[in-house]
Amino acid sequence: MDREPLVSVIIPIYNAERTLRRCVDSVLNQSYRNLQVILVDDGSQDRSGAICLEYEARDPRVFVIRKPQSGVSDSRNQAMDQAAGVYLQFVDSDDWVAEDATRVMVEAAETSGSDLVITHFFRVKKNRIRARGHIREAEVMSRCRFAEYMMEKPANYYYGVMWNKLYRREIMNRYQIRCGRDICWCEDFLLNLHYLCYVKTVAAVPYPAYYYVKNKNSLVAREATMKHVIQMKKFTFSYYKALYEQMDLYEENKAKINRYFLAMAEDGR
C-alpha cells in the first residue's frame, strides 16, 4: 500500500481496569500505525475512565468519549458517529489483538476491494489458547458465496461477532447501520446481517487476528438462559431469513436455513 488508509478502532469500556491496558496497548503497538482509537467509557465505576484519559494525553491517535452508562450498543454507535476512518474495527476491552491484525485486514480489503474482511481468532480460556474459525482458505467471494458458508454454521461466533471483521465506514453511514440499543444480546449478529445486505464481496483471511477471552461472567453468558435464547432466536431469524430471501436463496435452501433455530452458539469449528 502506498498510503495507509485511516482505521477507526472502537473499544467500548465498562469497569475494565484489570484488562484495559493490555487491550489498548495491543491496538496502539500494532505494525499498522494510521489509527484513530476511540475509547468509550460507559459510566465505569472503577479507574477505567482515568486510564482512558491517560492514553488520550499520551497518544494523539486516541480519542475518549465519556458518558453515563447506556450499554455497549450505544457505546459503539456513539463511536461510529465520531469515527473518521475509511475502515471500522471493533475490539472488546477484555480482549486483545495480534501484532499484525489491522494490517492483515486492511491489506485484504485494499487488494481485493472487498466491503467486508473476516479473520480467524484465538479463543483464550484460562491458560489455553486455540485458533478458531470456519472458512479455512483465503478467499475473496461474492456475498451469496459467503451466505452459503454461513448456512453451515449460522450461530458460530466467527459469523456473529464484530471483533474479527473490518467494515467500510461509508457503507455503515450511507445505510445508517448501527447496533440496536433495545437489545442486549445478538446485537452484533443483527448488525452483521444488516451490513451484509449492502456488501458485494467478502475477503476471508485464515489468520487469527484477535484474542477472544472466554469469560463465564460476561454479559452474553449471563443473558443466555434457555428462555432468552429462544426469544432472541425468533427475533433474529426474521432478519436472517430476509437476507437469504433478498439473494433468492431461501426457497432453495429453506431446510438448511431453518436449522438456525437448532444451532447452538459456539466459538469454534
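Quick notes
- The stretch between residue 128 and residue 181 holds 15.7 nm of extra length on full extension. This uses 0.36 nm per residue minus the Cα-Cα distance.
- For the stretch 101-113, backbone phi angles converted through the Karplus equation (6.51, -1.76, 1.60; θ = phi - 60°) give residue-by-residue couplings of 4, 5, 4, 4, 5, 5, 4, 5, 5, 6, 6, 9, x Hz, Gly and Pro being listed as x.
- Summed side-chain charge close to residue 208 - residues other than residue 208 whose Cβ falls under 11 Å, Lys, Arg +1, Asp, Glu -1: +2
- Karplus-derived 3J(HN,Hα) values for the stretch 68-78, using 6.51 cos²θ - 1.76 cosθ + 1.60 with θ = phi - 60°, are x, 4, 9, x, 5, 5, 5, 4, 5, 5, 5 Hz; glycine and proline are entered as x.
- For the residue pairs 165/200; 67/125; 126/241, the C-alpha atoms sit more than 27 angstrom apart in 67/125; 126/241.
- Principal-axis analysis of the Cα atoms of the chain puts helix 48-58 at an angle of about 70° to the longest axis.
- Net +/- balance of residues flanking residue 179 in space, Cβ distance below 11 Å, scoring K and R +1, D and E -1: -1
- If you take all other residues with their beta carbon under 14 Å from the beta carbon of residue 59, and give Lys and Arg +1 and Asp and Glu -1, the sum is +1.
- In the chain, helices alone account for a calculated mean residue ellipticity at 222 nm of -11000 deg cm²/dmol, with every DSSP H run of four or more residues adding -39,500 (n - 2.57).
- Residues with amide H under 5 Å from that of residue 116, placed H, sequence gap 5 or more: 201, 203
- Principal-axis tilt of helix 187-196 within the chain, Cα atoms, nearest 10 degrees: 70 degrees
Readers should treat all values here as calculations from the given coordinates under stated rules, not as data from a laboratory. On a predicted model such as this, the values are computed, not experimentally measured, just so you know. When we count neighbours, we look across all protein chains shown, and the Cβ atoms used for this are built from the backbone with ideal geometry, even at glycine.
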